[in-house]
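The values are calculated or read from the model by the stated rules, or taken from the named source; none is laboratory data. Remember, predicted model here, so these are calculated numbers, not experimental data. Virtual Cβ from ideal backbone geometry, glycine too; neighbours counted across all protein chains shown.
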Amino acid sequence: MTEIRFDDGASYERYMGDWSQRAGTIFLDWLGAPSGLKWIDVGCGNGAFTELLVEQCAPAEVHGIDPSEGQLAFARKRPAARLAKFQRGDAMTLPFPADTFDAAIMALVIFFVPDPVKGVAEMVRVVRPGGMVAAYAWDILGGGFTLEPIRAEMRAMGLTPLNPPSVEASRMETMRALWTTARLEAVETREITVQRTFSNFEEFWEITLAGSPSIGPTIAAMVPADAELLKTRVRTRLGSDASGRVTYASRANAVKGWVPV
């Protein structure tokens with residue numbers, strides 16, 4: 001399988017950074033965490049969610065971990081960097097001792113972790129007893145992904161959209177199972193639905209293709225006539241209002257639990 005790599009922090013910001021913060025606001029409200037905690041943001045990417053965490057939760061300390069230096073370079077230029085520390089790292093081997101943090105989160109990341117069981121186990125390891133472990137992920141297999149309008153038309157044309165390596169981990173039941181298997185307590189799940197409006201279809205198309213390494217290169221490699229057909233089909237699928245604006249919704253699954261005392 002072709003690897004999906006996120007290295008362009010600026011393009012990611014225009015596309016997924018916006019979606020991430022819309023869903024992340026609801027996610028953090030649902031967590032209801034008090035201020036003054038020590039957090040780890042696993043798979044922080046370009047820091048879009050980390051920024052939200054700093055603004056919304058008044059943490060004492062935040063560490064963002066990600067494998068992409070390109071994304072981390074963007075994150076370090078954010079206002080959140082006044083507090084958050086960003087470093088390269090692997091979600092399955094977090095570079096911290098046990099019981100370091102009060103809370104660990106994965107925002108739109110768990111389906112990229114090659115072994116989600118190890119990823120969750122590492123979050124549990126670095127969180128103190130009584131601390132929280134949580135995540136949210138686009139419901140890719142349930143049609144909730146932000147790319148679904150394009151993916152659906154690709155499938156209709158006989159094309160197979162590229163999935164993250166652990167896409168099954170985006171299912172609500174799988175996320176709950178991962179948390180309970182890790183012996184986290186009081187596990188809860190919920191759906192998060194958000195919508196976004198683009199000024200017109202061309203804005204949607206340009207931002208989405210530039211910011212999505214799983215879709216952009218695939219469409220760029222298509223025969224021009226097929227690529228144009230796909231674009232036309234997506235335009236029809238999405239529609240627009242009287243001003244030409246394009247609005248659609250996406251859905252994520254979320255889970256939280258607490259490390260036993």
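All but one of (1) aliphatic (A, V, I, L, M); (2) touching a Phe, Trp or Tyr at 6+ places or on another chain (Cβ under 8 Å); (3) at pLDDT 95 or above; (4) more than 26 Å from Leu28 (Cβ to Cβ) hold for Leu230, so report the exception by its number.
(2)
The conditions are (1) modelled with pLDDT of 95 or more; (2) over 25 Å from Lys118 (Cα atoms), and Ser166 fails exactly one of them. Which is it?
(2)
Has segment 77-97 got at least one residue that is out of contact with any Asp or Glu (no Cβ under 6 Å at 6 or more places or on another chain), of a type outside the set (A, V, I, L, M), modelled with pLDDT under 90 and crowded, with 20+ Cβ neighbours inside 10 Å?
The answer is no; no qualifying residue exists.
Looking only at segment 123-165, which residues are assigned to a loop (DSSP other than H, G, I, E, B) and of a type in the set (Val, Ile, Thr)?
Ile140, Thr146, Thr160
If you take the residues in segment 124-142 that are more than 19 Å from Phe101 (Cα to Cα) and either hydrophobic (A, V, I, L, M, F, W, C) or at pLDDT below 95 (or both), which one is surrounded by the fewest Cβ atoms within 10 Å (Cβ to Cβ)?
My answer is Leu141.
Is it the case, given these coordinates, that Gly70 is under 15 Å from Ser20 (Cα atoms) and not β-branched (Val, Ile, Thr)?
Spelling it out, it is not the case that Gly70 is under 15 Å from Ser20 (Cα atoms) and not β-branched (Val, Ile, Thr).
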